[in-house]
Amino acid sequence: MREDKKLITKEYVERLNASPYFIVVNYEGLKVAEFEELRNRLADSSAEVHVFKNSVFKTAAKEVGVEDLGQSLTGQLAAVTGEGEIAGAAKLLKNFRKEFEKPEWQFGFIDNDRLDADQIDTLADLPSLDGMRAKLLGTLQAPAGQLVRTLAEPGSSLARIIRAKFSESEA
């Protein structure tokens, strides 16, 4: 392998190792300004998109432990990687695609498990990790709150009755 390809492969390996996921997208037909807009939006969510040379990316994927990408890499492809969660990046890509009709996701990997396009679409529809935590916390707190209200009700009822009797005797 030529020296310049080795350097590029090393850069891809570092990116893939630094990210818990990657999503491969076909950006064919996306204008330069639109691609820059995608880059900016991804940067806001701690993700980034990088165009790659297909053969070099395949070599880099093997070096990080992804033996089989599951399909041949053809076309104008880029990889979305990030430090955060894959659902946030997938949601951003889905919303971007609704607006610009590009890019199309091909497949992805999360912790060396392959995801097809439908699975990425499902991840894009999930709430964020913080949103799911809030829902879970609300679900766990609801019975405790109901229990407290149930236990407090007899005392509250007694207090209302005493107050009503006291108000009647003063009038």
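The values are calculated or read from the model by the stated rules, or taken from the named source; none is laboratory data. Note that the structure is predicted; figures quoted are calculated from it, not measured. In this analysis, Cβ positions are derived from the backbone assuming ideal geometry, glycine residues included, and neighbour counts consider all displayed protein chains.
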*Does Arg163 satisfy the condition of being over 23 Å from Val13 (Cα atoms) and either surrounded by 11 or more Cβ atoms within 10 Å (Cβ to Cβ) or in the same structural domain as Lys31 (by TED's automatic domain parsing) (or both)?*
no
*Identify, from the list Phe96, Phe107, the residue that is more than 12 Å from Phe22 (Cβ to Cβ) and either surrounded by fewer than 21 Cβ atoms within 10 Å (Cβ to Cβ) or assigned by TED's automatic domain parsing to the domain that holds Asn40 (or both).*
Phe96
_Lone unmet requirement of (1) of a type outside the set (A, V, I, L, M, F, W, C); (2) surrounded by 13 or more Cβ atoms within 10 Å (Cβ to Cβ); (3) under 21 Å from the mean Cα position of the chain (by Cα) for Lys62_ = (3)
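Would you point out the residue of region 1-45, among those that are in a helix (DSSP H, G or I) and hydroxyl-bearing (Ser, Thr, Tyr), that is surrounded by the most Cβ atoms within 10 Å (Cβ to Cβ)? Steps first, please.
Step one: list which residues in region 1-45 are in a helix (DSSP H, G or I), which gives 3-18, 32-44.
Keeping just the survivors that are hydroxyl-bearing (Ser, Thr, Tyr) gives 9, 12.
Values: Thr9: 22, Tyr12: 24.
Result: Tyr12.
Applying the selection to region 123-153, what residues are more than 15 Å from the chain's Cα centre (by Cα) and surrounded by 12 or more Cβ atoms within 10 Å (Cβ to Cβ)?
Looking only at region 123-153, we keep the residues that are more than 15 Å from the chain's Cα centre (by Cα), and these are 134-153.
Answer for region 123-153, where residues must be more than 15 Å from the chain's Cα centre (by Cα) and surrounded by 12 or more Cβ atoms within 10 Å (Cβ to Cβ): just Ala134.
Looking only at residues in region 46-80 that are small (Gly, Ala, Ser) and part of a loop (DSSP other than H, G, I, E, B), which one is farthest from Asn17 (Cα to Cα)? Walk me through how you get there before you give the answer.
Filtering region 46-80 down to residues small (Gly, Ala, Ser) leaves 46-47, 55, 60-61, 65, 70, 72, 75, 78-79.
Of the ones still in play, those that are also part of a loop (DSSP other than H, G, I, E, B) are 46, 65, 70, 72, 75.
Working: Ser46: 15, Gly65: 10, Gly70: 19, Ser72: 21, Gly75: 24 Å.
Here the residue is Gly75.
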*Answer residue from region 93-122, given it is touching a residue at least 40 places away in the same chain (Cβ under 8 Å) and in a helix (DSSP H, G or I) and is farthest from the chain's Cα centre (by Cα) among those*: Phe100
